[in-house]
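This report refers to the structure that appears directly beneath it.
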Amino acid sequence: MNDPILTKRFIRRNELRKLIPVADTTIYELERAGNFPKRFNLTARCVVWDLEEIEEWIAERRAALTKKVSPPDVRQRKTRPVRRDT
């Protein structure tokens with residue numbers, strides 16, 4: 001019987017940076033805000049992320065970017081209303 005924890009794959013920072021090419025501080029800020037999977041320590045000097053969680057995060061980001069968003073109705077602006085040329 002396979003133990004699910006043993007079949008998981010964890011990645012270190014250098015592999016994470018290949019998947020998500022952003023600065024370390026951006027990753028720290030996203031983690032702190034709860035918008036990125038949390039890292040954890042395997043040892044006192046080895047920090048890893050769960051690859052499955054990272055892949056899910058990437059898929060969520062991709063889905064959010066591909067959503068069709070309707071443009072705002074500019075006629076409802078309170079400042080700089082749209083001029084009607086008749």
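Can you tell me which residue in region 39-86 is modelled with the lowest pLDDT, limited to those that are among the acidic types (Asp, Glu) and loosely packed, with under 11 Cβ neighbours inside 10 Å?
Looking at residues that are among the acidic types (Asp, Glu) and loosely packed, with under 11 Cβ neighbours inside 10 Å, I get Asp85.
If I go through region 39-57 residue by residue, how many of them are β-branched (Val, Ile, Thr) and in contact with a helix residue (DSSP H, G or I) (Cβ under 7 Å, 6 or more places away or on another chain)?
Number satisfying all stated conditions: 2.
The values are calculated or read from the model by the stated rules, or taken from the named source; none is laboratory data. Since the structure is predicted, the reported quantities are computational estimates derived from the model, not experimental observations. So basically every Cβ, Gly included, is an ideal-geometry build from the backbone, and we count neighbours across all protein chains shown.
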